[in-house]
Amino acid sequence: MPLDEYRRKRDFRKSPEPEGIPKEGRRTRKGQPPFFCVQKHLASHLHYDFRLEHEGVLLSWAVPKGPSLDPGIKRLAMHVEDHPIEYGTFEGVIPEGYGAGIVMLWDYGTWTPLVDDVDAALAKGDLKFSLDGYKLKGSWALVRTRGYGDRGGDGRSWLLIKHRDEWAGDLDIADFAPLSVKTGQDFAEILADDNPEIWRTNRPVSGGETGAMLRQIVEAAARLKAERASHSRPRKSARQPASAGSRKATGSHAARRTKKRR
């Protein structure tokens, strides 16, 4: 089954990731263009998960350095297990287990194959397609390679390449547009929406550049959550002084009562 490997790696009692709706229970998307997404994932290392909808699942590649708009830069893309369609809008915190870390929906849109047969192109190792997302657009290719990154010739190593067109350029899109297309948030804000305390100890990664990045994010998320809590805490309302009119009326009433007692 297409999602067996995906489900085997995860404990859905602990992970908020979608388990996936069985194919027979899923709404059909006939007539709609297939969608793609890119999820920025800070786990044991920072990477970008590139996903294409095809035949009821999301074909998935992990891109360590993220997509590049420069046709001269070929990005390593490691083919990983298929993901359920429902994963395409997922954003949140995976507290522990496989893929523990923070997931951001970095880009989203539709894709169009530039080949007659997607399955044949995948088998050949040369898939050409166009993207229409918020950040990634135009013509691209995924090409299987037997060079760098191909561990033991298992065929998992691909290259994500931008073709030359009006959407190509030397802009570092990951640096220029780092935030979520779903919420407009950064990693610290996504974590603050959840529970920054989960990684005070036993973090997914502790050493190196990624560990330092996660440490800063956890600290920033904790500060942000504390600020939000202080702003939402109801303040004690001070007793308001009576208005001039009410004071005058009260004074007149008291004078009448005094005169009556006399």
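Where a number appears in this text, it was derived from the coordinates with a stated rule and is not lab data. Since this is a predicted model, take the numbers as computed values, not measurements. Please note: Cβ atoms are built from the backbone with ideal geometry, for glycine as well, and neighbour counts cover all protein chains shown.
May I ask for the net charge around ARG13, where only other residues with Cβ less than 15 Å from the Cβ of ARG13 are counted and Lys, Arg are +1 while Asp, Glu are -1? Taking every Cβ under 15 Å from that of ARG13, the sum is +1.
By counting other Cβ atoms within 10 Å of each Cβ, how are LYS74, LYS30, LYS9 ranked from fewest to most? Intermediate values should be presented prior to the final figure.
Numbers: LYS74 17, LYS30 5, LYS9 14.
Ranking LYS74, LYS30, LYS9 by Cβ neighbours within 10 Å, fewest first, gives LYS30, LYS9, LYS74.
Only aspartates and glutamates eight or more places from LYS65 in sequence, or on another chain, were considered; those with a Cα closer than 20 Å are ASP49, GLU81, GLU91, ASP107, ASP150, ASP170, ASP172, ASP175, ASP186, GLU209.
Subtracting the Cα-Cα distance of SER44 and THR110 from 0.36 nm times their residue separation leaves 20.9 nm of extension gain. Here HIS54, HIS83, HIS231 are placed in order of increasing Cβ neighbour count within 10 Å, fewest first, which gives HIS231, HIS54, HIS83.
Once you list every other residue whose beta carbon is under 14 Å from the beta carbon of ALA174, what net charge do they have if Lys and Arg are +1 and Asp and Glu are -1? Present the calculation step by step, with values, prior to reporting the outcome.
On the way: positive: LYS40, LYS65, ARG75, LYS135, LYS162; negative: ASP49, ASP70, ASP107, ASP170, ASP172, ASP175, ASP186.
Combined, the nearby Lys, Arg, Asp and Glu give -2.
Counted by Cβ distance under 11 Å from ASP70, the other residues give a net charge of +2, where Lys and Arg count +1 and Asp and Glu count -1. Structural descriptor for the range 87-161: relative contact order 19 percent, calculated from alpha carbon pairs under 8 angstrom and at least 6 residues apart.
Over the range 4-185, what is the mean sequence separation of C-alpha contacts under 8 Å (at least six apart), divided by residue count, expressed as relative contact order in percent? Please list the in-between numbers first.
Numbers: 385 pairs, mean separation 40.3, N = 182.
Across the range 4-185, relative contact order equals 22 percent.
Report the Cα centroid-to-centroid distance between the range 176-205 and the range 77-111 in angstrom, as an integer. Here the two parts' Cα centres lie 14 Å apart.
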